[in-house]
Amino acid sequence: MNAQKGFTLIELMIVIAIIGILAAIAIPQYQNYIAKSQVSRVMSEVGSMRTATETCLNEGKDASACDFGWTTSNLLGATTKNLQGENLVATFNDDGSATLAAEFGGNAAATLTQADQNQLQWARSIDGTWTCSTNVLERYRPTGCSAALGTVDESEEDETDTPAE
(Lines give C-alpha, C1' and ligand atoms only; values in the text may rest on other atoms or scores of the structure.)
Protein backbone atom coordinates (compact mmCIF):
# COMPACT_ATOMS: atom_id res chain seq x y z
CA MET A 1 0.00 0.00 0.00
CA ASN A 2 1.40 3.39 -1.03
CA ALA A 3 0.86 6.15 1.52
CA GLN A 4 1.19 9.78 0.48
CA LYS A 5 4.28 11.32 2.09
CA GLY A 6 3.91 14.99 1.12
CA PHE A 7 1.98 17.56 -0.84
CA THR A 8 1.30 17.19 -4.51
CA LEU A 9 2.55 19.79 -6.96
CA ILE A 10 -0.96 21.11 -7.58
CA GLU A 11 -1.58 21.60 -3.85
CA LEU A 12 1.63 23.63 -3.51
CA MET A 13 0.75 25.73 -6.56
CA ILE A 14 -2.69 26.51 -5.13
CA VAL A 15 -1.14 27.68 -1.85
CA ILE A 16 1.35 29.89 -3.73
CA ALA A 17 -1.47 31.36 -5.85
CA ILE A 18 -3.49 32.21 -2.74
CA ILE A 19 -0.49 33.88 -1.12
CA GLY A 20 0.12 35.88 -4.31
CA ILE A 21 -3.47 37.11 -4.45
CA LEU A 22 -3.39 38.16 -0.80
CA ALA A 23 -0.08 39.98 -1.30
CA ALA A 24 -1.42 41.79 -4.39
CA ILE A 25 -4.25 43.20 -2.26
CA ALA A 26 -2.40 43.80 1.01
CA ILE A 27 0.78 45.55 -0.15
CA PRO A 28 -0.90 48.55 -1.87
CA GLN A 29 -3.25 48.98 1.09
CA TYR A 30 -0.29 48.97 3.47
CA GLN A 31 1.53 51.56 1.37
CA ASN A 32 -1.56 53.81 1.46
CA TYR A 33 -1.67 53.38 5.24
CA ILE A 34 2.01 54.36 5.51
CA ALA A 35 1.49 57.54 3.44
CA LYS A 36 -1.55 58.57 5.50
CA SER A 37 0.29 58.02 8.77
CA GLN A 38 3.21 60.11 7.49
CA VAL A 39 0.90 63.04 6.68
CA SER A 40 -0.63 62.78 10.17
CA ARG A 41 2.83 62.69 11.71
CA VAL A 42 3.97 65.84 9.88
CA MET A 43 0.70 67.56 10.80
CA SER A 44 1.41 66.79 14.44
CA GLU A 45 5.14 67.67 14.30
CA VAL A 46 4.54 71.05 12.68
CA GLY A 47 1.43 71.69 14.76
CA SER A 48 3.45 71.25 17.94
CA MET A 49 5.33 74.44 17.08
CA ARG A 50 2.19 76.59 17.33
CA THR A 51 2.78 77.27 21.03
CA ALA A 52 6.32 78.52 20.39
CA THR A 53 4.98 80.63 17.53
CA GLU A 54 2.37 82.20 19.80
CA THR A 55 5.05 82.97 22.38
CA CYS A 56 7.31 84.61 19.81
CA LEU A 57 4.44 86.66 18.38
CA ASN A 58 3.45 87.86 21.86
CA GLU A 59 7.06 88.83 22.60
CA GLY A 60 7.37 90.65 19.25
CA LYS A 61 10.14 88.41 17.94
CA ASP A 62 10.83 87.80 14.28
CA ALA A 63 10.49 84.24 12.94
CA SER A 64 14.25 84.02 12.40
CA ALA A 65 14.89 84.92 16.07
CA CYS A 66 12.31 82.53 17.50
CA ASP A 67 13.36 79.30 19.23
CA PHE A 68 10.73 76.78 18.11
CA GLY A 69 12.30 73.77 19.85
CA TRP A 70 12.36 72.01 16.49
CA THR A 71 14.02 68.66 16.10
CA THR A 72 14.88 67.25 12.70
CA SER A 73 12.34 65.20 10.77
CA ASN A 74 13.24 62.56 8.22
CA LEU A 75 9.87 63.10 6.50
CA LEU A 76 10.70 66.68 5.66
CA GLY A 77 14.22 65.98 4.49
CA ALA A 78 15.57 68.33 7.15
CA THR A 79 19.10 67.45 8.14
CA THR A 80 19.61 70.26 10.64
CA LYS A 81 17.63 71.78 13.45
CA ASN A 82 17.33 74.99 11.43
CA LEU A 83 13.60 75.66 11.13
CA GLN A 84 13.99 78.13 8.30
CA GLY A 85 15.27 75.40 6.01
CA GLU A 86 14.18 74.34 2.59
CA ASN A 87 11.29 72.13 3.71
CA LEU A 88 10.00 73.94 6.80
CA VAL A 89 9.51 77.70 6.91
CA ALA A 90 7.90 79.95 9.51
CA THR A 91 6.57 83.33 8.42
CA PHE A 92 5.35 86.04 10.79
CA ASN A 93 3.34 88.93 9.38
CA ASP A 94 2.98 92.43 10.84
CA ASP A 95 -0.77 91.99 11.38
CA GLY A 96 -0.26 89.07 13.82
CA SER A 97 -0.89 86.27 11.35
CA ALA A 98 1.69 83.54 10.89
CA THR A 99 2.37 80.50 8.75
CA LEU A 100 4.23 77.25 9.40
CA ALA A 101 4.72 75.65 5.99
CA ALA A 102 6.15 72.15 5.54
CA GLU A 103 7.10 70.35 2.35
CA PHE A 104 7.44 66.56 2.26
CA GLY A 105 10.82 65.16 1.29
CA GLY A 106 13.47 62.86 2.67
CA ASN A 107 11.97 59.50 3.65
CA ALA A 108 8.35 60.43 2.91
CA ALA A 109 6.30 58.14 0.68
CA ALA A 110 6.81 58.69 -3.05
CA THR A 111 3.27 60.03 -3.61
CA LEU A 112 3.86 62.67 -0.94
CA THR A 113 6.96 64.10 -2.61
CA GLN A 114 5.38 64.97 -5.96
CA ALA A 115 5.71 68.69 -6.71
CA ASP A 116 1.99 69.55 -6.70
CA GLN A 117 0.99 67.29 -3.78
CA ASN A 118 3.67 67.76 -1.15
CA GLN A 119 2.75 70.60 1.19
CA LEU A 120 1.13 70.94 4.59
CA GLN A 121 0.60 74.27 6.31
CA TRP A 122 -0.58 75.60 9.64
CA ALA A 123 -1.83 79.19 9.36
CA ARG A 124 -2.65 81.59 12.19
CA SER A 125 -5.24 84.25 11.46
CA ILE A 126 -5.10 87.72 12.98
CA ASP A 127 -7.71 86.68 15.56
CA GLY A 128 -5.44 83.86 16.81
CA THR A 129 -7.17 80.80 15.33
CA TRP A 130 -5.06 78.10 13.68
CA THR A 131 -6.09 76.11 10.61
CA CYS A 132 -4.35 73.24 8.90
CA SER A 133 -4.41 72.90 5.12
CA THR A 134 -2.70 70.58 2.69
CA ASN A 135 -2.62 69.67 -0.97
CA VAL A 136 -1.93 65.95 -0.64
CA LEU A 137 -4.39 63.48 -2.12
CA GLU A 138 -7.67 63.30 -0.24
CA ARG A 139 -7.19 59.68 0.81
CA TYR A 140 -4.02 60.68 2.72
CA ARG A 141 -5.48 63.79 4.35
CA PRO A 142 -5.89 63.60 8.14
CA THR A 143 -9.08 64.73 9.82
CA GLY A 144 -8.92 68.43 10.54
CA CYS A 145 -6.73 69.34 7.59
CA SER A 146 -8.57 70.86 4.63
CA ALA A 147 -7.54 71.02 0.97
CA ALA A 148 -7.15 74.82 0.89
CA LEU A 149 -3.67 74.65 -0.67
CA GLY A 150 -5.15 73.23 -3.86
CA THR A 151 -7.25 70.22 -4.61
CA VAL A 152 -5.99 67.14 -6.37
CA ASP A 153 -8.45 65.23 -8.55
CA GLU A 154 -7.82 61.57 -7.74
CA SER A 155 -9.60 60.43 -10.90
CA GLU A 156 -6.68 61.77 -12.91
CA GLU A 157 -4.15 59.91 -10.79
CA ASP A 158 -2.69 56.68 -12.14
CA GLU A 159 -4.04 53.92 -9.92
CA THR A 160 -0.86 51.86 -10.34
CA ASP A 161 1.21 54.60 -8.71
CA THR A 162 1.71 53.58 -5.10
CA PRO A 163 3.92 55.17 -2.46
CA ALA A 164 7.27 53.75 -1.49
CA GLU A 165 8.06 52.85 2.09
(request) Looking for whichever is touching a strand residue (DSSP E or B) at 6+ places or on another chain (Cβ under 7 Å), outside any loop (DSSP other than H, G, I, E, B), within 17 Å of ILE34 (Cα to Cα) and at pLDDT 90 or above here; the options are LEU120, LEU100. Which one fits? (result) LEU120
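Per-residue answers, yes or no, for (1) within 11 Å of the chain's Cα centre (by Cα); (2) among the β-branched types (Val, Ile, Thr); (3) within 26 Å of PRO28 (Cα to Cα):
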| site | (1), (2), (3) |
| --- | --- |
| PHE68 | no, no, no |
| ASN93 | no, no, no |
| GLU103 | yes, no, yes |
| ASP116 | no, no, yes |
| GLN121 | no, no, no |
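Quick grid of which residues meet (1) under 21 Å from GLN121 (Cβ atoms); (2) touching a Ser or Thr at 6+ places or on another chain (Cβ under 9 Å); (3) acidic (Asp, Glu); (4) at pLDDT 90 or above:
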site	(1), (2), (3), (4)
LEU22	no, no, no, yes
ILE27	no, yes, no, yes
VAL39	yes, yes, no, yes
GLU54	yes, no, yes, yes
ALA63	yes, yes, no, no
GLY69	yes, yes, no, no
GLY77	yes, yes, no, no
LEU88	yes, yes, no, no
PHE104	yes, yes, no, yes
(request) With respect to THR51, determine if the residue is surrounded by 10 or more Cβ atoms within 10 Å (Cβ to Cβ), touching a Lys or Arg at 6+ places or on another chain (Cβ under 9 Å) and assigned to a helix (DSSP H, G or I). (result) no
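The values are calculated or read from the model by the stated rules, or taken from the named source; none is laboratory data. Treat the numbers as computed from the prediction; the structure is a model and nothing was measured. Cβ atoms come from the backbone with ideal geometry, glycine included; neighbour counts cover every protein chain shown.
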